[in-house]
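The values are calculated or read from the model by the stated rules, or taken from the named source; none is laboratory data. Note that this is a predicted model, so its numbers are computed, not measured. Cβ atoms come from the backbone with ideal geometry, glycine included; neighbour counts cover every protein chain shown.
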Amino acid sequence: MADRKQRVPKLEPIAPRVWLLRGGLTGTMNAYFIEDGDGVVVFDTGEKGMARAIAAAGERLGGITKVVLGHGDTDHRGSAAALSAIAPVVCHPDAVEQAEGSGGRDYWDMSKLPLGVRLLHTFTHRYVWDGGPVKISGTVDEGDRIADFEVVDFSGHAPGQIGLWRAADRVALVSDTVYLTTMTGRPAPAHVPQEAYNLDTERARVSIAKLAKLDPLVVAPGHLGPLSGPSVRTELERAAST
């Protein structure tokens, strides 16, 4: 997949041994690379068109040792099916059904979206974002270690949604625990994920509050961001209570 003709994409260092790859048609899809021995772990895989870029970046960083899905939605498992030819793909046990199945469509209520957004997302989920079901090779649960990060359960937006937390420098990779984007991809203050896509919105609020209690300095979400600096906890607390 990652051949010599593939241009190696730009990577943004967001913390020691952690890089961000922005991708997708509007540049709002995030995939993360975490140093893991001589290679890297990939956390979340964005949309399907990012697969070659992720593979090329992983090769540049020593090779992908594992792909970890924050959850099984279409725009997070998007490249995972292609990347499974390179490295095993893992997720939380409660996310397996969606990762290997509908990609979240089982519980979404897209009728809650404005008509224009609903039409846009219906098209992009099917034709742009989703690379299809992915075979999950193993599972991880809260407290497990991924490289030098700890798995944290942030379910609510999606079943089995997880984040990765490194207490040493208070860095959190959080998938869709918190949104920093509108439904049209514009930057927005931290807020609870869109109800149309949530399994349990109140539980999603609890997960944002749980994240805030960790008092992170860097919060790297699934789209746009990251949040960083001394005001992060306050922003998360506001998001959880709004």
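Looking at the stretch 193-219, which of its residues are out of contact with any Gly (no Cβ under 9 Å at 6 or more places or on another chain) and either without any contact (Cβ under 8 Å) to a residue 40 or more places away in the chain or aliphatic (A, V, I, L, M) (or both)?
A196, A209, A212, K213, L214
Considering G39, G63, G27, which residue is within 21 Å of L224 (Cβ to Cβ) and either among the small types (G, A, S) or touching a residue at least 12 places away in the same chain (Cβ under 8 Å) (or both)?
G27
When L21 is evaluated against the numbered criteria (1) free of Cβ contacts under 8 Å to residues at least 40 places away in the same chain; (2) part of a loop (DSSP other than H, G, I, E, B); (3) in contact with a strand residue (DSSP E or B) (Cβ under 9 Å, 6 or more places away or on another chain); (4) not basic (K, R), which criterion, by number, is the only one it fails?
Failed condition: (2).
Take the conditions outside any loop (DSSP other than H, G, I, E, B), at pLDDT 95 or above, more than 28 Å from R170 (Cβ to Cβ) and within 17 Å of the chain's Cα centre (by Cα) and apply them to G58. Does it pass?
No.
Scan the stretch 210-242 residue by residue and report those that are within 17 Å of F154 (Cβ to Cβ), part of a loop (DSSP other than H, G, I, E, B) and of a type in the set (A, V, I, L, M, F, W, C).
Listed by number, the list holds a single entry, L214.
Looking at the stretch 4-19, which of its residues are of a type outside the set (D, E) and at pLDDT 95 or above?
L11, P13, I14, A15, P16, R17, V18, W19
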